[in-house]
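See below for the structure under consideration.
The values are calculated or read from the model by the stated rules, or taken from the named source; none is laboratory data. Remember, predicted model here, so these are calculated numbers, not experimental data. Glycine also receives a Cβ, built like all others from the backbone with ideal geometry; neighbour counts cover every protein chain displayed. Please note that ligands, DNA and RNA were not included when accessible areas were found on the heavy atoms of the full protein model with its side chains. Shrake-Rupley method; radii C 1.70, N 1.55, O 1.52, S 1.80 Å.
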Amino acid sequence: MAFSPPSIPQDFLVAGSWDNNVRCWEVQRDGKTIGKAQQTMGGPVMDVAWHDDGSKVFMASADKTVHCWDLGSNQKMQVAQHDAPVKTVHWIKAPTYSCIMTGSWDKTLKFWDTRSAQPIMTINLPERCYCADVEYPMAVVGTANRHLIVYQLEGQPQEFKQIEPPSKYQHRCVAIFKDKKGAGAPAGFALGSVEGRVAIQYIVAASPRDNYTFKCHRSNGTTSNGFQDIYAVNDIKFHPVHGTLSTVGSDGRFSFWDKDARTKLKNSEALEQPISCCAFNHNGQIFSYAVSYDWSKGHEYFNSQKKNYIFLRSCYDELKPRIC
């Protein structure tokens, strides 16, 4: 799920689904939504990303392809191909080149000039790609078996460093954050795991204490048999203005956090289904989150009678940093 970039005046939201469809809505100032268009892929949609000019959307699918959807003509064309489902897609806008980056379960990271059928570069990964984020000139990729790799994208993409995973359990989502000085260059990332925990990791930490983890998306207290319910962190997003962050989880809650003050700003009530992903619009006024089953308890807990929803929330003030 992703909001349109700041290059266009309106807010559009695109969301991909396991029903193979990608849908686009216009979100009006009063919060009303208008369905605009829909495209269908050959398999479940794993990720979506906008072109920086707001005219196109890239759609990554379990059918092993990525297609470019031209919203003006409502046509789509294939722009990338892998040997296994494509888990992530990101648009990279660099001073000397622009391309899409795709991460796949075929254990490769590929970079594509969308006008060519062949990738401009292929990087082998140690395992299947599970999550990725891009904030030029940096990319972070998380794979199966908890591998974590940082790439620098300047000139041409190349590995910058491999990072020892801060969590003992598999990571599920990653989001890059910027520093608070000057132009706001990427400074580090937040990593969410299946074990109800988020790690804040700086690429170059001024002090080892700057890197830390915090628990989230867990039940309050313990159950009657003495156990605590712990849920996966399904998505993390940073607020584009305040630099605070949101997490959403399999417990059906969203939470807002101030990583610098190391404090929770808000915790929502639990919904009846997990929250699978979230997004902020470009100016940080709107927070969207998708409520749908995430298969965290296996197929036997899937209930086809429960509907899937996307909620929109006015969030700007709720995510203001805590004043120390």
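Annotations
- Exposure check, 1.4 Å probe, all protein chains in place: Ser7 carries approximately 70 Å² of accessible surface.
- Net length gained if the chain between Asn220 and Ser7 were fully extended (0.36 nm per residue, minus Cα distance): 72.4 nm
- Rounded if a/c under 1.5, otherwise prolate or oblate - segment 25-155, Cα gyration tensor axes: prolate
- Euclidean distance between Cα centres, segment 246-291 to segment 153-180, Å: 21 Å
- Under 13 Å from the Cα of Lys178 - aspartates and glutamates, other chains or at least 8 residues apart: Asp133, Glu135, Asp260
- Centre separation in Å (Cα based) which lies between segment 73-101 and segment 186-221: 29 Å
- Reachable lysines from Lys266, criterion Cα separation under 16 angstrom, eight or more residues apart if same chain: Lys215, Lys237, Lys320
- Computed over the chain with a Gaussian network model linking Cα atoms closer than 10 Å, the most mobile of Ser167, Ser246, Ser296 is Ser296.
- Segment Lys180-Asn303, extension gain: residue separation times 0.36 nm, minus the distance between their alpha carbons: 39.9 nm
- The Cβ shell under 11 Å around Ile8 holds other residues with a net charge of -4, Lys and Arg each +1, Asp and Glu each -1.
- Using R0 = 35 Å, the C-beta based FRET efficiency linking Gln162 and Ala270 works out to 0.45.
- Max mean-square fluctuation residue, GNM over the chain, Cα-Cα springs under 10 Å, options Ala60, Ala206, Ala232: Ala206
- Largest GNM mean-square fluctuation across Lys178, Lys264, Lys32, computed for the chain with C-alpha springs under 10 Å, falls on Lys32.
- Counted without the sites themselves, the longest stretch of the chain free of GluC sites (Glu not before Pro) in a DSSP loop having at most 15 other beta carbon atoms within 10 Å is 1-126.
- Computed label-point distance, nm, for sites Ala261 and Glu26 using a 7 Å Cα→Cβ extension: 3.8 nm
- Taking a ≥ b ≥ c as the square roots of the eigenvalues of the Cα gyration tensor, an a/c ratio of 1.5 or more together with a/b larger than b/c marks segment 108-168 as prolate.
- Of all accessible heavy-atom area on the chain, the percent that carbon and sulfur account for (1.4 Å): 47 percent
- Gyration tensor (alpha-carbon) shape descriptor, segment 136-202, a/c threshold 1.5: oblate
- Bridging of Lys168 to aspartates and glutamates at a Cα separation below 12 Å is possible for Glu195, once same-chain residues fewer than 8 apart are set aside.
- Note on Glu318 and Met121: the model spin-label points, each 7 Å out from Cα along the C-beta direction, lie 3.9 nm apart.
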